[in-house]
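Bear in mind that the values in this text are calculations on the coordinates, not laboratory data. These figures come from a predicted structure and were not determined experimentally. Using ideal geometry, Cβ is built from the backbone for each residue, glycine included, and neighbour counts are taken over all protein chains shown.
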Amino acid sequence: MKMWTSEHVFDHPWETVTTAAMQKHPNPMNPSVVGVDVLDRHTDPSGKLHSHRLPSTEWGLPSIVKSLIGAARTKTHVQEHSVVDPVEKTMALKSRLTYKPHPQDPEKTILTQEAIITVKGVSLSSYLEGLMANTISSNANKGREAMEWVIHKLNAEIEGLTASARGSIRTPNGSSSVCRKMIMPVGR
């Protein structure tokens with residue numbers, strides 16, 4: 001058995017990071033995740049948001065596996081359970097990923113990840129556990145890159161909406177277009 005843990009500090013507030021986490025897939029950093037279906041989402045009486053999602057992944061297979069099963073790709077589904085607590089400001093995904101505000105800087109968020117890796121019944125199990133830990137670590141790095149990509153995308157959307165809203169409110173002479181329409185004489 002191997003334990004793998006990681007801690008990463010995002011330079012964004014908790015609200016931004018958890019919003020991005022819920023919209024993380026699909027993304028260009030992990031093209032194998034082709035979609036996410038929400039099976040259940042509800043808020044409990046204490047205000048915590050519970051989500052049960054089903055990410056769909058599509059993987060290319062090694063040539064030896066292709067020849068054995070006669071397929072080039074395989075689609076898999078992974079169940080994901082998460083709980084977002086807006087009071088305590090935590091987001092936990094199956095208790096393996098936790099997003100919390102940084103204790104010294106509320107404009108930052110700490111992501112803590114844990115995995116327990118156990119391979120039994122095969123020779124070289126310790127070696128295989130090590131390989132799996134390396135794969136998890138590599139995928140965690142891709143996941144953090146994806147989070148930054150989603151946050152950048154969300155911020156760009158907000159900036160675009162803000163600019164659009166400002167543009168629709170003001171006319172070239174600086175007055176409100178709504179007010180100008182209201183004082184125009186009827187029949188023009």
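Pull out the extension gain between Glu7 and Thr98, defined as 0.36 nm times the separation in residues minus the alpha carbon to alpha carbon distance; nm, one decimal.
31.8 nm
Working only with C-alpha atoms, what are the Rg and Dmax values of region 9-57, expressed in angstrom?
According to the Cα coordinates of region 9-57, Rg and Dmax are 12.9, 37 Å.
Residues of region 4-23 with backbone nitrogen within less than 14 Å of a virtual label 7 Å along the Cα-to-Cβ line of Ala133, please, listed as ranges.
4-6
At 0.36 nm per residue, minus the direct Cα-Cα distance, what do Glu88 and Lys153 gain on full extension? Give it in nm, one decimal, please.
That pair, Glu88 and Lys153, stretches by 20.8 nm at full extension.
List the pairs from Lys24/Lys48; Lys2/Lys153; Lys24/Lys89; Lys24/Lys100 whose alpha-carbon separation is above 26 Å, in the order I gave them.
From the list (Lys24/Lys48; Lys2/Lys153; Lys24/Lys89; Lys24/Lys100), the Cα-Cα distance tops 26 Å for Lys2/Lys153.
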